[in-house]
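Each reported figure results from applying straightforward, stated rules to the coordinates on display, with no laboratory input. None of the values given here were measured: they were computed from a predicted structure. We place every Cβ from the backbone using ideal geometry, glycine too, and count neighbours over all the protein chains shown.
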Amino acid sequence: MPDHTERTERTTAMSRRSVSRAAAATGLAALFGTTATGTARAATRRTPTAQTTTSRSTGTGTGTSQPAAAATTPAAQSVTRLGPRTLDVSLPSAALGRNAPVRLILPSSFDTQPARTYPVLYLLHGAHDDYTSWTRETDIEAFTAGRELIVAMPDAGPTGIPTAWRDGPDYETFQIAEVPALLARDYRASGVRAVAGVSTGGYGAMAHAARHPATFAAAASYSGILDTTAPGVPSLMDAIVARENLSPLSLWGNPILNLLTWRDFNPRSRAAGLRGTALYVSSGSGVVGGIGDWLPEALESALWPSAHAFTDTLSLLRVPVTTHFYAGGGHSWAYWKREFGTSWPMLAGALGVAA
């Protein structure tokens, strides 16, 4: 990455460290019946410093990432180059009614092998974070140097729940259809895909793969929300939504009155759709066996039963899954970076790239 981009990333790094704690506080507020208002909020999202920007079409619109029922006309597609291999695309989205960002890391051979196509690894962010999180919190750029794949990190909105909202945007269509269409059209993406995500992004990885069988060769979840109807989890989802000043009912409606909708978007309920997809699920026990980092560990503990219920259902269906359930651990990047590395051989094998 160029020096000026590194400096821009570092200026927000410290405030971004509050994301996992903010998410943990949100979850605990839901689980213990208190309000999420007043807990530490994540830092204001930024626009990366541009080196070069190009546009593909004309139009008008807004750049807000707030889910809303009222759609606007998307603006022109633009590309902001951050480094030799890394760029941000502002993609006009009919599903969202606005432009939405996706960060791309291109393979090292992209310019020198113009006839070559590449598999794609989709990396999904968590709640109260954004599409820059993987390059900010991990060494994914350096890690993929020399490996022949495209890395795509699409926006999922401020809640990080990449789904079709009942009263709002359709992040599922954005990530499943519109971003792949962009990559196939402009970046020579092949039809081979894998998806991985943290927290609500882990939910998205498994929900996308289950709801769209055979779309992904592999899916990985790190501390994901994998059973959205498990005890306490609907309240957690509602708290995540409410934290962004949105109506909880705008997600999937009431978890009791609209139970069929909640089940339809639940990875555990759709687990049969994962047959034939290479799977990796990791989660920590949190407080039990933890080191005393209370907020992230407590949220990790809250998600532990949900992850086990999901993998137990896979076992009953005889759908193979690689699991790593570890003692302690918190809902934070310190653990997710490690789990990504552990799952990498499986993802690489599915994508057909060097491990």
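Rounded to the nearest Hz, the phi-derived 3J(HN,Hα) couplings of the stretch 141-156 under the Karplus curve 6.51 cos²θ - 1.76 cosθ + 1.60 (θ = phi - 60°) are 5, 5, 4, 8, 4, x, 9, 8, 8, 9, 10, 10, 10, x, 5, 10, where x marks glycine and proline. In a solvent-free Debye calculation with one equal scatterer on each Cα, what is log10 I(q)/I(0) for the stretch 134-287 at q = 0.09, 0.21 Å⁻¹, listed in the order of the q values? With one equal scatterer per Cα and no solvent, log10 I(q)/I(0) is -0.30, -1.50.
The mean sequence separation of alpha-carbon pairs under 8 Å and at least six residues apart, normalised by the residue count of the stretch 187-245, gives a relative contact order of 33 percent. Once the mean of 1/r is taken over each pair of separate Cα atoms and inverted, the stretch 130-214 shows a Kirkwood hydrodynamic radius of 13.8 Å.
Counting Cα-Cα pairs of the stretch 243-355 in 5 Å increments starting at 0 gives whole-percent bin shares of 2, 10, 15, 16, 18, 18, 13, 5, 1, 0.
If packing is taken as the average number of other Cβ atoms within 10 Å across a peptide's residues, how do 233-239, 218-224 rank, most packed first? Please report the intermediate quantities before stating the final value.
Working: 233-239: 22.1, 218-224: 30.1.
The densest-packed peptide leads the list: 218-224, 233-239.
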